[in-house]
Amino acid sequence: LLQARRHEKDFLLRRQDTYAQQEFASVASALDRLTKMGTMPAFASQRDRLNALDAGIKVYGDRFRQVVETQKKIGLNQDDGLQGQLRAAVHDVEDFLGKYNETELDNVMLMMRRHEKDFMLRLDPSYGDQMKKRAEEFAPALAASSLPLPVKTEVTNKMSIYQRGFFALLDGTMTNVESVKKLSDAYA
């Protein structure tokens, strides 16, 4: 179980699937050993305790699987999952806006990126509120810009994709924060 915990921590720190697979194997090995203990006459009087331990290890294993599944949806690196989608969406908006000289739009966009990065570093969901405020500023700034109407429409569409991506990432990340707490409780 200590090996499982070590692999769990390595997965959480490094976000590499190999550590998840090692944790799964360690949990399976612990459960296998526990099953073997349950068949030994020396442990006959401890069956209730062994069954409780078996149930606890299974809960721990299931919670780790949930964490891994959620992290894979979020992304194991900046190019995967929701992280990859968000990154692609924001680069799409920035590249598109980069063709025009609209300082106000660029400034609001930079503030959105700041809130995005601050959320990723601090895992504070209040940055979602800040992101919404910047989006509310972006819409009138876009309307007031000198961009042609088709370009404004395209920017609005790209910004919607970026906003949806950010909030999906925020929700998934906060879900995983709670899942990791439950995982730690299960191990304890």
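Within the chain, which whole H helices from DSSP have a Cα span along their axis of at least 30 Å and a mean Kyte-Doolittle hydropathy of -1.0 or more, if any?
Both cut-offs are met by 17-39, 47-74, 149-187.
Calculate the spin-label point distance for ASP62 paired with THR39, positioning each point 7 Å from the Cα along the beta-carbon direction, and give it in nanometres.
Once both label points are built, they end up 2.5 nm from each other.
Computed on alpha carbon atoms, what radius of gyration and Dmax characterise region 81-146, expressed in Å?
Every Cα atom of region 81-146 included, Rg and Dmax give 12.4, 37 Å.
Taking the Cα centre of each part, how many Å lie between region 96-117 and region 7-22?
Taking the Cα centre of each part, region 96-117 and region 7-22 sit 35 Å apart.
Using 1/(1 + (r/R0)^6) with R0 = 41 angstrom and r between the beta carbons of LYS133 and ALA88, what's the FRET efficiency to the nearest 0.05?
0.95
Along the charge dipole of the chain, which of VAL27, LEU110, THR70 sits closest to the positive end, that is, farthest toward it, with unit charges on the beta carbon of Lys, Arg, Asp and Glu (+1, +1, -1, -1)?
The residue sitting farthest along the positive end of the dipole is VAL27.
How large is the Rg to Rh ratio of region 6-54 when both quantities use alpha carbon positions and Rh follows Kirkwood?
Taking Rg over the Kirkwood Rh, I get 1.19.
Holding the Cα-Cα limit at 20 Å, pick out from LYS99/LYS132; LYS9/LYS58; LYS36/LYS182 the pairs that are longer than that.
LYS99/LYS132; LYS36/LYS182, as the Cα separations exceed 20 Å there.
Which percent of the accessible heavy-atom area of region 42-188 goes to carbon and sulfur, probe 1.4 angstrom?
Roughly 51 percent, rounded to a whole number.
Dimensions of the chain along principal axes (Cα, Å, largest first)?
That works out to 83, 26, 21 Å along the principal axes.
With a 1.4 Å probe and all protein chains left in place, how much accessible area per residue does region 109-171 have, in Å²?
Averaged over the residues of region 109-171, the accessible area is 54 Å².
Find, to one decimal place in angstroms, the Kirkwood hydrodynamic radius of region 141-188, where the mean of 1/r is taken over every pair of different Cα atoms and then inverted.
Result for region 141-188 stands at 13.4 Å.
Pulled fully out, how much extra length does the chain show between ASP17 and GLN78, if you take 0.36 nm times their separation in residues and subtract their Cα-Cα distance?
20.5 nm
Just the number, please: Stokes-Einstein D of region 87-188 in µm²/s, Kirkwood Rh from C-alpha pairs, 10 °C, 1.306 mPa s.
Translational D for this selection: 108 µm²/s.
For n ≥ 4 DSSP H runs only, could you compute -39500 (n - 2.57) per run for the chain, divide by its residues and tell me the 222 nm figure to the nearest 500?
Helices in the chain give a 222 nm mean residue ellipticity of -29500 deg cm²/dmol.
Hey, quick one: spin label on ASN107, modelled 7 Å out along Cα-Cβ, who in region 136-165 has an amide N within reach, i.e. under 17 Å?
Residues 136-147 qualify, since their backbone N sits under 17 Å from the label point.
How much FRET efficiency would the formula 1/(1 + (r/R0)^6) give for LEU121 and ALA186, where r is the Cβ-Cβ distance and R0 is 25 Å, rounded to 0.05?
Step by step, r from the Cβ atoms, then E = 0.40.
The values are calculated or read from the model by the stated rules, or taken from the named source; none is laboratory data. All values reported here derive from a predicted model rather than from experimental measurement. Positions of Cβ are backbone-derived with ideal geometry, glycine not excepted, and every protein chain shown enters the neighbour counts. Each accessible area value is taken on the protein alone, full model and side chains, heavy atoms only, with ligands, DNA and RNA left out. Shrake-Rupley method; radii C 1.70, N 1.55, O 1.52, S 1.80 Å.
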